[in-house]
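Bear in mind these aren't lab numbers, they're just calculated from the coordinates by the rules spelled out. Quick caveat: nothing in here was measured; it's all calculated off a predicted structure. Reconstructed Cβ throughout: ideal geometry from the backbone, glycine too, with neighbour counts over all protein chains shown.
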Amino acid sequence: STFPGTQNNNLILAAHSGNCPVCYFDKLYKLQLNDEAYLFYNNIKYVYKIVDIYNVEKDGTVAIYRDNNKNTLTLITCTRNSNTEQTVYILEQV
């Protein structure tokens, strides 16, 4: 994972979803392709657009499929109503 502001970076954030005090991605399942997300880092607002959403098996590893020539934000969380999958959201900086 790399921070915004560097060339071809990929910031990866992973969090629980569901109904608990540390479930920071509880509403992530509502996001759809082309939705925007905003990240504030070092007093700079970064704007990203969702370009891909896919599920992977929950086995301790995650394959991240992204364009390595773009600045991206990757969000990973538990898949809603599944104990065996997690969902990966790929966002590209606009």
If Rh is defined by the Kirkwood formula over all Cα pairs and Rg also comes from Cα, what ratio Rg/Rh do you get for region 11-55? 0.99
Among D59, D67, D35, residue whose mean-square fluctuation peaks in a GNM of the chain (springs only between Cα atoms under 10 Å): D59
Can you give me the relative contact order of the chain as a percent, contacts being Cα pairs under 8 Å and 6 or more apart? 31 percent
Suppose R0 equals 25 Å. What FRET efficiency, 1/(1 + (r/R0)^6) with r the Cβ-Cβ distance, do Y29 and F3 give to the nearest 0.05? 0.45
So what are the chain's ellipsoid semi-axes, whole angstrom, largest first, if each one is the square root of 5 times an eigenvalue of the alpha-carbon gyration tensor? 22, 15, 12
